[in-house]
Each structure stands twice: as C-alpha cells, then as structure tokens.
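**Student:** Below are the structure tokens for one structure; questions will follow.
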Amino acid sequence: MNLLLEGEESNRLIFRKVSKTDFNAWLPFHQEPLSSQYFAGEIFEPQVACQNWFTKVFTRYKNNLGGLNALISKENGQLVGMCGLLIQTVDEIQELEIGYSILPEYWKKGYATEAAKKCKAYALEHQLA
C-alpha cells in the first residue's frame, strides 16, 4: 500500500517526498510561534523542532506509515508546505488521516484545503480508506 503521493499534482501544487535539503526552507514554519500553538508536548528551539520534524517524516517513510509530502508551488518552484496520508494509532486502532502544515507566508491562500482534497481523492481512488 503506497501512501505517498510522490509525483501527484493538484491545480497549484506538485507532491514529492520530503528531502533533507528542504530543511532550511521548512525552518520558518518552526520560527513562527503560531505554527505550533496546538502541538502537544514541549516547545523546542526552532532548529531542534525542525530536526525533530524531519526525523519523524523519515521514520514514517522507513516504516511504511505514510508520511508528509513536500508541496511545491507550480508557479515558483518553492516549498509551500507539507501534506500527506498518515497512519496513526488511536485507541489501539490504526487509522488513516490527512496531516498538513503550511509555511506561514502561504497561510490563508487555500493551499491546505487544496492539498488535503488531493490526499482524500488519492486515498479514495486507491481504496486506502
């Protein structure tokens, strides 16, 4: 079961695997306090938080637990955010969910909705849900 949308596209976005080279582009997400206001657990210095984020992304890839895809703007080739299908264990039951986070400069432009809708359509099309 392939949960990654690598090579998929929506109107404005290209989906690809997250790369270690995305670190610096993703760091502003962790530098913006509003980005993590609803995250459970400790709040870390942005560099540490970003490294923890990347560790989780690559651990999901390695263990076939789905994962976030890098969202690349078709317009300018820049990283806009991350979105993907994730396997989460809730009350000891594995569930498929859509996770997303968008870089602050791209907030309120519909990217999260666009990416999440693409993930939902992909899951339904491939009978993952």
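The values are calculated or read from the model by the stated rules, or taken from the named source; none is laboratory data. Since this is a predicted model, take the numbers as computed values, not measurements. Ideal geometry is used to build each Cβ from the backbone, glycine not excepted, and the neighbour counts take in all protein chains shown. Areas reflect the complete protein model, heavy atoms only, side chains present, ligands, DNA and RNA absent. Shrake-Rupley method; radii C 1.70, N 1.55, O 1.52, S 1.80 Å.
Table: residues versus (1) of a type outside the set (Lys, Arg); (2) open to solvent by less than 50 Å² (accessible area, probe 1.4 Å); (3) closer than 21 Å to GLY7 by Cβ.
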residue: TRP26; (1), (2), (3): yes, yes, yes
residue: LEU34; (1), (2), (3): yes, no, no
residue: TYR38; (1), (2), (3): yes, no, no
residue: ILE43; (1), (2), (3): yes, no, no
residue: ALA49; (1), (2), (3): yes, yes, no
residue: ASN63; (1), (2), (3): yes, no, no
residue: ALA70; (1), (2), (3): yes, yes, yes
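**Student:** On to the next question. Restricting the stretch 5-46 to residues that are in contact with a strand residue (DSSP E or B) (Cβ under 6 Å, 6 or more places away or on another chain) and assigned to a loop (DSSP other than H, G, I, E, B), which is nearest to GLU75 (Cα to Cα)?
**Tutor:** GLU8
**Student:** Further, regarding this structure: Taking LEU13 and the conditions (1) more than 15 Å from the chain's Cα centre (by Cα); (2) under 15 Å from TYR122 (Cβ atoms), which numbered condition does it fall short on, given that it satisfies the others?
**Tutor:** Unmet condition: (1).
**Student:** Could we say that ASN64 is more than 14 Å from the chain's Cα centre (by Cα) and not in a loop (DSSP other than H, G, I, E, B) here?
**Tutor:** no
**Student:** Moving on to the next point. Of all residues in the stretch 72-98, how many are open to solvent by less than 80 Å² (accessible area, probe 1.4 Å) and touching a helix residue (DSSP H, G or I) at 6+ places or on another chain (Cβ under 9 Å)?
**Tutor:** Residues meeting the conditions: 12.
**Student:** If the Cβ limit is 7 Å and pairs must be 6+ apart or interchain, which residue in the stretch 68-80 that is without any contact (Cβ under 8 Å) to a residue 60 or more places away in the chain pairs with which residue that is in a loop (DSSP other than H, G, I, E, B) and surrounded by 15 or more Cβ atoms within 10 Å (Cβ to Cβ)?
**Tutor:** LEU68/VAL18; ALA70/VAL18; LEU79/LEU103
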